[in-house]
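Student: Below you will find the structure I want to go over with you.
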Amino acid sequence: MSNPIYSEHHPRWLRQRLSTYWWLGKWPYVKFILREISSVFVAWFVIYLLLFVRSVAQGEAAFRAFLEFSGHPVMLAVNAVTLLFITFHAITWFAVAPQAIVAHMGTKKVPPFLIAAGHYGAWVVVTAGLFWLLLR
Amino acid sequence: MAKPPKRPIEPLLWLLFSAGGMASAMLMPALVFLFALAFPLGWLPANYESLRVLLLHPVTRLVLFGICMVSLFHWAHRFKYTLYDGLQVQHLNEMINLFCYGGAVVGTIAAGYVLLTL
């Protein structure tokens, strides 16, 4: 199907194939895979969010019906797991922010923990803001 | 000898991944809690009229569109590497790219359609 561009014949790998479950052995690996899987729940929530907003647009009856549908045990279970994964994503995302952002104040480097703390602080403020906005 | 393929789109995809990671981390925990648990379970009252005014406002729709777009590209980028590393199916490279980024593009268009025609 695809031709390797660097040689006519693909060389045989001298590598041993890892088990599909290679990541189950150590917590940092499990954490890595869980973090990757959290993206599936992010995508699921995009779909849920659009359905939610659409039901709001369709009138109060449609909105109440959607809330009832979301109250089904299966939906609640899926969304409870979604909340766990997305919170896990948020915590790990802010934790690595200092590795992605190197900020300077004047000539001094901002210490990494301050960058992480800034993100967690912003998260608290944004969350409080959303609660205020959506519970009026 | 053939030149190595250029991937000028790579930085853009990474930017979208990163923006999506930030947007979903900042906003989604609160939104999931309220929209998907607290409102359906009746833990907190959902005020329909004010939700309607807020969510249907053009600015909100634009913001929601942005959140949906970057979050879907965030998914595409991460899920691609989940398939690469988790399942070790590197040989399905092109198909995985098509599925992930294609899915994000289709999802973004769908989100735009939904939000425009509310």
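Student: Spot the failing condition for A:E60; the list is (1) of a type outside the set (F, W, Y); (2) under 21 Å from B:M28 (Cα atoms); (3) within 7 Å of another protein chain (Cβ to nearest Cβ), and only one is missed.
Tutor: (2)
Student: Yes or no: A:V53 of a type outside the set (D, E) and within 18 Å of B:C68 (Cα to Cα)?
Tutor: Numbers: of a type outside the set (D, E): yes; within 18 Å of B:C68 (Cα to Cα): yes.
Against the criterion (of a type outside the set (D, E) and within 18 Å of B:C68 (Cα to Cα)), A:V53 qualifies.
Student: Show the residue pairs that are 6+ apart or on different chains and have beta-carbon atoms under 7 Å apart, the first residue being within segment A:24-41 and among the aromatic types (F, W, Y), the second being surrounded by 15 or more Cβ atoms within 10 Å (Cβ to Cβ).
Tutor: The qualifying pairs are A:Y29/A:W23; A:F32/A:W23; A:F41/A:T82; A:F41/A:F85; A:F41/A:I86.
Student: Still on this structure: Report, by residue number, each residue of segment A:75-107 that is touching a Gly at 6+ places or on another chain (Cβ under 7 Å) and more than 10 Å from chain B (Cβ to nearest Cβ). Working first, answer last.
Tutor: If we filter segment A:75-107 for residues that are touching a Gly at 6+ places or on another chain (Cβ under 7 Å), which is where we start, we get A:93.
Selection gives nothing.
Conditions (1) in the same structural domain as A:S55 (by TED's automatic domain parsing); (2) closer than 22 Å to A:S38 by Cα, marked per residue:
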| position | (1), (2) |
| --- | --- |
| A:F66 | yes, no |
| A:L83 | yes, yes |
| A:A116 | no, yes |
| A:V124 | no, yes |
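Student: Among A:T107, A:T82, A:T92, A:T87, which is the only one that is open to solvent by less than 30 Å² (accessible area, probe 1.4 Å) and farther than 14 Å from B:M22 by Cβ? Spell out how you get there, then give the answer.
Tutor: On the way: A:T107 fails: open to solvent by less than 30 Å² (accessible area, probe 1.4 Å); A:T92 fails: farther than 14 Å from B:M22 by Cβ; A:T87 fails: open to solvent by less than 30 Å² (accessible area, probe 1.4 Å).
The conditions single out A:T82.
Student: What is the one condition in (1) surrounded by 14 or more Cβ atoms within 10 Å (Cβ to Cβ); (2) within 7 Å of chain A (Cβ to nearest Cβ) that B:E94 does not satisfy?
Tutor: Result: B:E94 fails condition (1) only.
Student: Looking at (1) under 23 Å from B:L87 (Cβ atoms); (2) open to solvent by less than 80 Å² (accessible area, probe 1.4 Å); (3) modelled with pLDDT under 95, find the lone condition where A:S38 falls short.
Tutor: Unmet for A:S38, out of (1) under 23 Å from B:L87 (Cβ atoms); (2) open to solvent by less than 80 Å² (accessible area, probe 1.4 Å); (3) modelled with pLDDT under 95: (3).
Student: Is it fair to say B:F65 is more than 20 Å from the chain's Cα centre (by Cα), assigned to a helix (DSSP H, G or I) and among the aromatic types (F, W, Y)? Break it down stepwise before answering.
Tutor: Details: more than 20 Å from the chain's Cα centre (by Cα): no; assigned to a helix (DSSP H, G or I): yes; among the aromatic types (F, W, Y): yes.
Against the criterion (more than 20 Å from the chain's Cα centre (by Cα), assigned to a helix (DSSP H, G or I) and among the aromatic types (F, W, Y)), B:F65 does not qualify.
Student: If you scan segment B:4-45, which residues turn out to be free of Cβ contacts under 8 Å to residues at least 12 places away in the same chain, open to solvent by less than 10 Å² (accessible area, probe 1.4 Å) and more than 7 Å from every other protein chain (Cβ to nearest Cβ)?
Tutor: The answer is B:A38, and nothing else.
Student: Right, another one. Looking at (1) within 7 Å of chain A (Cβ to nearest Cβ); (2) surrounded by 15 or more Cβ atoms within 10 Å (Cβ to Cβ), can you tell me which one B:S50 breaks?
Tutor: In the conditions (1) within 7 Å of chain A (Cβ to nearest Cβ); (2) surrounded by 15 or more Cβ atoms within 10 Å (Cβ to Cβ), B:S50 misses (2) alone.
Student: Can I ask one more? Which residue is surrounded by the fewest Cβ atoms within 10 Å (Cβ to Cβ), if the candidates are limited to segment A:41-57 and must be more than 7 Å from every other protein chain (Cβ to nearest Cβ) and over 18 Å from B:P29 (Cβ atoms)?
Tutor: Applying the first criterion (more than 7 Å from every other protein chain (Cβ to nearest Cβ)) to segment A:41-57 yields A:41, A:44, A:47, A:51, A:55.
If we keep only those that are over 18 Å from B:P29 (Cβ atoms) as well, we get A:51, A:55.
Numbers: A:L51: 15, A:S55: 19.
So the residue we want is A:L51.
Student: Moving on to the next point. Say we look at segment A:71-115 and pick out the residues that are free of Cβ contacts under 8 Å to residues at least 12 places away in the same chain and small (G, A, S); which of these is farthest from B:A25 (Cα to Cα)?
Tutor: Among residues in segment A:71-115 that are free of Cβ contacts under 8 Å to residues at least 12 places away in the same chain and small (G, A, S), the one farthest from B:A25 (Cα to Cα) is A:G106.
Student: Within segment B:98-118, work out how many residues are open to solvent by 40 Å² or more (accessible area, probe 1.4 Å), more than 9 Å from chain A (Cβ to nearest Cβ) and not β-branched (V, I, T).
Tutor: Here the count works out to 4.
The values are calculated or read from the model by the stated rules, or taken from the named source; none is laboratory data. Just so it is clear, the structure is predicted and the values come from calculations on it, not from any experiment. Using ideal geometry, Cβ is built from the backbone for each residue, glycine included, and neighbour counts are taken over all protein chains shown. For the accessible areas, the whole protein counts, side chains as well, though only heavy atoms, and no ligand, DNA or RNA atoms are used. Shrake-Rupley method; radii C 1.70, N 1.55, O 1.52, S 1.80 Å.
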